[in-house]
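Enquirer: Got a structure for you, questions after.
None of the figures in this text is laboratory data; all of them are computed from the coordinates on show. Treat the numbers as computed from the prediction; the structure is a model and nothing was measured. A quick note on method: Cβ atoms are made from the backbone with ideal geometry, for glycine too, and the neighbour counts reach across all protein chains shown.
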Amino acid sequence: MERLQKVIAESGIASRRKAEQLIIAGKVKVNGTTVTELGIKVSNKDRIEVNNKPIGKEQKEYYILNKPRGVVTTTKDEHHRKTVVDLIPTKARIYPVGRLDYDTTGVLLLTNDGEFANILMHPNDKVEKVYMAKLNGIIKGEQINKLKEGVELDGQIVKASRVKLKKVNEKTNTCMVQITIHEGKNHQVKKMFESVGFLVDKLKREKVAFFDLKDLQSGEFRQLTPKEVAKVYALEQKTSK
Ligand code: URA
């Protein structure tokens, strides 16, 4: 059972606030009877009409985007900057699953399916996030170990499950490090490297769970296949046991 205004909003015809106004204005019927009271609960067996037209459920949509830099990970930006949602031409009210910084690139999933988003956002052993970071120095074994043992961020210990030094450039005094984490705290990777003395010059997310950037150039996106969506739902079953 869900609140009537939420169900109307999820059908895509109005925001939740607008849905409330429609109810108060007597424009909404449930099983043929006008309802003007806010907060009543309905199930998917109830027939809901707005302005005498039945509402439908918004189709679920799922995308993977190779996020370019210079785009905000939100649905609307108060400074009118381009958002990740602007890159995908759809009428569905999709939103990003988690967050990448303005200057971070790589794998970003978007959907209008809250359950799907929750599975991927909830810290979970099965949902790895793999990043490639360019550091302003050359990391040592001891600092790598520290990241794997755990560092404190905002009063919590976070660990990298893998850290691999991929490339060293002595001339520019930089290196490329691949780091795998399971949570998605704000600026987590940058803060983790900062805690061992490095700034991240460039950051790219290469993977989220089994999703990678195969065949997607910067700014390109594709819809997920039904098989991929089912595979995400299967991740939840494994972890809830
Ligand atoms: N960690 C960061 O610091 N930034 C991102 O965009 C993602 C993870």
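Enquirer: Restricting to DSSP loop positions (anything but H, G, I, E, B) with no more than 13 other Cβ atoms inside 10 Å of their own Cβ, which trypsin sites (Lys or Arg not before Pro) remain in region 74-119?
Expert: On the way: sites: LYS76, ARG81, LYS82, LYS91, ARG93, ARG99; in loops: LYS76, ARG81, LYS82, LYS91, ARG93, ARG99.
Counting only loop positions with at most 13 other Cβ atoms within 10 Å, the trypsin sites (Lys or Arg not before Pro) in region 74-119 are LYS76, ARG81, LYS82, LYS91.
Enquirer: Among HIS79, ALA25, LEU110, whose Cα sits farthest toward the positive end of the charge dipole of the chain (+1 at Cβ of Lys/Arg, -1 at Cβ of Asp/Glu, about the Cα centre)?
Expert: LEU110
Enquirer: Could you give the length gained by full extension between LEU199 and LYS171, i.e. 0.36 nm per residue of separation minus their alpha carbon distance, to one decimal place? Before the final figure, lay out the partial values.
Expert: Working: separation 28, 0.36 × 28 = 10.08 nm, distance 1.74 nm.
Here the answer is 8.3 nm.
Enquirer: For region 1-67, what's the radius of gyration and Dmax over Cα atoms, in angstrom?
Expert: 13.1, 47
Enquirer: Now for a separate question. Please go through region 87-172 and write out the GluC sites (Glu not before Pro) that DSSP classes as loop and that have at most 13 other C-beta atoms within 10 Å.
Expert: Details: sites: GLU115, GLU128, GLU142, GLU149, GLU152, GLU170; in loops: GLU128, GLU170.
Counting only loop positions with at most 13 other Cβ atoms within 10 Å, the GluC sites (Glu not before Pro) in region 87-172 are GLU170.
Enquirer: For ALA234 and ASP103, what is the calculated FRET efficiency with R₀ set at 35 Å and r taken between the beta-carbons, to the nearest 0.05? Don't skip to the answer; put the middle values down first.
Expert: Working: r = 33 Å, r/R0 = 0.96.
For R0 = 35 Å, the calculated efficiency reads 0.55.
Enquirer: Simple spin-label model, 7 Å along Cα-to-Cβ: ARG69 to THR225 in nm?
Expert: Distance between label points: 3.4 nm.
Enquirer: Also, I was wondering about something else. Quick check on the chain: take the gyration tensor over C-alpha atoms, sort the square-rooted eigenvalues as a ≥ b ≥ c, and tell me if it's rounded (a/c under 1.5), prolate or oblate.
Expert: Working: a/c = 2.61, a/b = 2.33, b/c = 1.12.
Taking the square roots of the gyration eigenvalues as a ≥ b ≥ c, the chain is prolate.
Enquirer: Also: With charges set only on the Cβ (+1 for Lys and Arg, -1 for Asp and Glu), what does the dipole of region 73-191 come to about its Cα centre, in debye to the nearest 20?
Expert: Details: 21 positive and 15 negative charges, 87 e Å.
Around 420 debye, computed over region 73-191.
Enquirer: Same structure, new question: Could I have the simple spin-label model distance between ASN118 and LYS140, label points 7 Å from Cα toward Cβ, reported in nm to one decimal?
Expert: Roughly 4.6 nm, to one decimal.
Enquirer: Here is a follow-up. Calculate the length of the line joining the C-alpha centroid of region 1-69 to that of region 190-239, in whole Å.
Expert: 32
Enquirer: Continuing with this model, one more query. Could you list, in their original order, any pairs among LYS60/LYS185; LYS164/LYS190; LYS129/LYS191 whose Cα atoms are separated by more than 18 Å? Walk me through the numbers before you get to the answer.
Expert: Working: LYS60/LYS185 26 Å; LYS164/LYS190 16 Å; LYS129/LYS191 15 Å.
Pairs exceeding 18 Å: LYS60/LYS185.
Enquirer: Suppose R0 equals 35 Å; then what is the FRET efficiency for ARG47 and SER218 from their Cβ-Cβ distance, rounded to the nearest 0.05? Please report the intermediate quantities before stating the final value.
Expert: Values: r = 46 Å, r/R0 = 1.31.
About 0.15, to the nearest 0.05.
Enquirer: Further, regarding this structure: Given +1 on the Cβ of Lys and Arg, -1 on the Cβ of Asp and Glu, and no further charges, what dipole in debye does region 2-54 carry about its Cα centre, rounded to the nearest 20? Mind showing how you got there, number by number?
Expert: Working: 11 positive and 6 negative charges, 15 e Å.
Result for region 2-54 is approximately 80 debye, rounded to the nearest 20.
Enquirer: Follow-up. Give, rounded to the nearest 20 debye, the magnitude of the charge dipole that the chain has about its Cα centre when Lys and Arg contribute +1 at Cβ and Asp and Glu contribute -1 at Cβ. Could you put the intermediate results ahead of the total?
Expert: Details: 46 positive and 31 negative charges, 63 e Å.
Charge dipole of the chain: 300 debye, to the nearest 20.
Enquirer: Report, ordered by chain and residue number, the aspartates and glutamates lying within cross-link reach of LYS231, taken as a straight Cα distance under 19 Å and ignoring same-chain residues fewer than 8 apart.
Expert: Within reach: GLU61, ASP113, GLU115, ASP125, GLU128, GLU206, ASP212.
Enquirer: For a quick check of your reading of the filter: which trypsin sites (Lys or Arg not before Pro) in region 132-179 sit in a DSSP loop and have no more than 10 other Cβ atoms within 10 Å? Let's see the in-between values first.
Expert: Details: sites: LYS134, LYS140, LYS146, LYS148, LYS159, ARG162, LYS164, LYS166, LYS167, LYS171; in loops: LYS140, LYS159, LYS171.
Qualifying residues, ordered by number: LYS171.
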